[in-house]
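For reference, the structure is listed below as structure tokens.
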Amino acid sequence: MINAPSPSGPTAFGHTLTGERVDRITLSDGQLTVCLLALGVTLQGLWLTGVPHSLTLGCGTVAAYQTAGSYLGALVGPVANRIGGAEATINDRCCQFAANEGTNTLHSGPDGLHNRIWHLADYDATAATFTLSLPAGDSGFPGNRRISARYSLHPNATLRLEISVITDALTPISIADHSYWNLDGTGDWSGHSLQIAADHWLPVTVQGLPTGARMPTIAEMNFAQSRTIQPGSPALDHNFCLANARRPLTFTARLTGASGVTLALSTTEPGLQIYDGRSPIRPGDVPYAGLALEPQGWPDALHQPSFPSILASPASPYHQTTQWQFSRT
């Protein structure tokens, strides 16, 4: 378990396997304490005052992050989730991507945003902005892109993430926070309750790709009202359809631990991928140690014309806002 550190500016956390320095910065406003790493703009830990454990899973070393393979706490992209066949036609050009999950691309391949050292552009006691530039052709994606990610603390125990991307060419952008949550600090998330504001979800193939159908959220996939969930019942690695396009910041989901700690999630994104963490997230973890709630565009949208578009352009840049508000009873 990682203990809450004291607030501080950037300090050396460690080095990557190739020798790059990774800084850590700690934000605090008296209600929340948040640790961020320059590697992947990773949310390493989040503590709510009065709760002794971090509400999100983290690792104590850079090496653990780089070998875990679970995208733990990082921003994933530039296209989160899966791209079928590791290719897509963009602006009449066939683009090839790294196939890192069978024949498909997951979270933009091994050199996605999660595995980059971001520049800490500015910070104060309650906010930090990281930037990253990606050249055209990087990992197969078109356009020279400039990405900004800002985490900031706000009243009522609220953490906000704002992501902006400008590009000089048509390019797909769908970035997601990939934090795993366990609000009770226990071995797994058994006994948590989940609510999702979605009327439909996307069934998937054995490869995890959407079939193209949209199914109503009924029976075991009905989370309209908060209900207790248990590992594997149902198995979750699916997108819930929040809207048909990006929209103003809107309440999306509520996760409540058996301890009474609650996370209320709001986002501008049209989709929310829920992954149950069935594979061990960190060395030594049991399955289902944390639950990932990933606001994003719908998966494999580049091959599904009926899905909301994930294309950004010079005239239509990308902007996402996602917000987590915490409370306890």
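We did not get these values from a lab; they are worked out from the coordinates using the rules stated. Note that the coordinates shown come from a computational prediction; the quantities given were computed from them, not determined experimentally. So basically every Cβ, Gly included, is an ideal-geometry build from the backbone, and we count neighbours across all protein chains shown.
Count charges around Ser233 for me, please; just the other residues with Cβ under 15 Å from its Cβ, Lys/Arg as +1, Asp/Glu as -1. Let's see the in-between values first.
Working: positive: Arg227, Arg278; negative: Asp188, Glu220, Asp237, Asp276.
Neighbourhood net charge equals -2.
Each Lys or Arg adds one and each Asp or Glu takes one away; over the other residues whose Cβ falls under 15 Å from the Cβ of Glu220, this sums to -1. Distance between the C-alpha centers of the range 22-75 and the range 194-243? Whole Å please. Distance between centres, Cα-based: 27 Å. The length gained on full extension between Ala224 and Thr211, counted as 0.36 nm times the residue separation minus their Cα-Cα distance, comes to 2.4 nm. Here Asp124, Asp177, Asp276, Asp184 are placed in order of increasing Cβ neighbour count within 10 Å, fewest first, which gives Asp124, Asp184, Asp276, Asp177.
Going by C-beta contacts inside 10 Å, put Thr158, Thr56, Thr256, Thr61 in order with the fewest on the left. Please list the in-between numbers first.
Working: Thr158 17, Thr56 25, Thr256 22, Thr61 12.
Result, fewest neighbours first: Thr61, Thr158, Thr256, Thr56.
In terms of the Cα gyration tensor, with a ≥ b ≥ c the square roots of its eigenvalues, is the range 1-132 rounded because a/c is under 1.5, prolate because a/b exceeds b/c, or oblate? Since a/c reaches 1.5 and a/b is larger than b/c, the shape of the range 1-132 is classed as prolate.
Computed per residue of the chain from DSSP H runs no shorter than four, each worth -39500 (n - 2.57), the mean residue ellipticity at 222 nm is -500 deg cm²/dmol. For the pair the range 76-127 and the range 259-289, the centres of their Cα atoms are 20 angstrom apart. Residues of the range 177-216 falling in the label zone of Val286, defined by backbone nitrogen less than 18 Å from a point 7 Å along Cα to beta-carbon, are 181-193.
May I ask for the net charge around Asn182, where only other residues with Cβ less than 11 Å from the Cβ of Asn182 are counted and Lys, Arg are +1 while Asp, Glu are -1? Could you put the intermediate results ahead of the total?
Details: positive: none; negative: Asp184, Asp188, Asp285.
Charge balance in the 11 Å sphere: -3.
All Cα-Cα separations within the chain were binned at 10 Å from zero, giving a P(r) of 6, 28, 38, 24, 5, 0, each value a whole percent of the pairs. Computed over the chain, relative contact order equals 17 percent, with contacts defined as Cα pairs under 8 Å that lie 6+ residues apart.
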